[in-house]
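What follows is a short report on a single structure.
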Amino acid sequence: MTWVLLRGLTREARHWGTLPQQLAALPGAGQVVTLDLPGNGVFHAQPSPACVRHMVDFARRQLQAQGVAPPWKLLAMSLGGMVATDWAQQHPQEVSRLVLINTSMRPFSPITQRLRPGNWPALALLAARWHNADPTERTIHRLTCNNTSSREADIAAWVHIRQTAPVSTGNAGRQLLAAARFSSGPQAPSCPTLLLSSNADRLVNPRCSQRVAEAWQAAHQRHPWAGHDLPHDDAGWVCQRIGHWLAGS
């Protein structure tokens, strides 16, 4: 079965870094497909829908167009986690596994936990200078990454991504609106589900993942020091935990 990877708000396949390659190296992992949401990556010129359900429909069409047959294993973070959750709840026959990284959603957590208030001024400034690539990516790195060993190389790579596939201000706003509007369905996904969170996430309170895991009675593993962008900070840990989870279930 194929792993399908979905990134978060305004991010795209290239922001996964080395994680897709490390995931593909797991025993029995199968094919790994990285999908971009509309408005991001290869689809940056398309308008982003202001609705998670429409993002699900778009992703399903992309897999069908590529001839990648279900069922799929979904690995997603942030906004991508909302898309993956809705996908698993609306089309349970298509999703065999679900892994959510540092996700947050209604009705499990309030807005002050889904986006820490201390970051609101920085995010407002980010929006105001959205088209100024270097300071914008530096702010994103500061807010989402605790592993700073490759910071300058990261920022150079992210600036290049922004220059080659720019996400418009309008698309960023619609993605933010879709995330704010989304609320999980009342039933837990029927497939085996794993939540991964970062204890030192400075953007989203890690209690958000804890509350989802408790409500769904799902497995939950916590990273001790990584930031919101857990795949960037410690992709090896992410793949190791997924491997252990697969082996034990």
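The values are calculated or read from the model by the stated rules, or taken from the named source; none is laboratory data. This structure is a prediction, so every number in the text was calculated from the model and none was measured. All Cβ positions, glycine included, derive from the backbone under ideal geometry; neighbour counts span all protein chains shown. Please note that ligands, DNA and RNA were not included when accessible areas were found on the heavy atoms of the full protein model with its side chains. Shrake-Rupley method; radii C 1.70, N 1.55, O 1.52, S 1.80 Å.
The slack between Thr169 and Gln46, meaning 0.36 nm per residue of separation minus the straight C-alpha distance, is 43.0 nm. Given +1 at the Cβ of Lys and Arg, -1 at the Cβ of Asp and Glu and no other charges, the dipole of the chain around its Cα centre is 440 debye to the nearest 20. Ranking Glu12, Glu152 from most to least accessible surface, computed with a 1.4 Å probe over the protein chains only, gives Glu152, Glu12.
How much of the pair distance distribution for region 97-244 lies past 20 Å, counting alpha-carbon pairs only, in percent? Counting every Cα pair in region 97-244, those more than 20 Å apart make up 54 percent.
For region 186-234, the dipole from Cβ point charges (+1 on Lys and Arg, -1 on Asp and Glu) about the Cα centre works out to 180 debye, to the nearest 20.
Extents of region 162-249, largest first, come to 43, 33, 22 Å (Cα atoms, principal axes, whole angstrom).
The eigenvalues of the Cα gyration tensor, multiplied by 5 and square-rooted, give region 15-110 an equivalent ellipsoid with semi-axes of 20, 17, 15 Å from largest to smallest.
All Cα-Cα distances of region 64-177, cut into 10 Å bins from zero to the largest, leave 11, 32, 35, 20, 1 percent in each bin in turn. Between Trp120 and Ala247, the simple spin-label model (points 7 angstrom out along Cα→Cβ) gives 4.6 nm. The alpha carbon centroids of region 218-249 and region 153-167 are separated by 26 Å.
Less than 5 angstrom separates the built amide H of Ser96 from those of Trp72, Lys73, Leu74, all sequence-distant by 5 or more or on a different chain. Toward the positive end of the charge dipole of region 13-154, with +1 on the Cβ of Lys and Arg and -1 on the Cβ of Asp and Glu, the farthest Cα among Gly41, Pro117, Asn147 is that of Pro117.
Using Cα-Cα distances under 8 Å and only pairs 6 or more residues apart, what relative contact order does region 1-136 have, in percent?
Details: 188 pairs, mean separation 31.8, N = 136.
The value is 23 percent.
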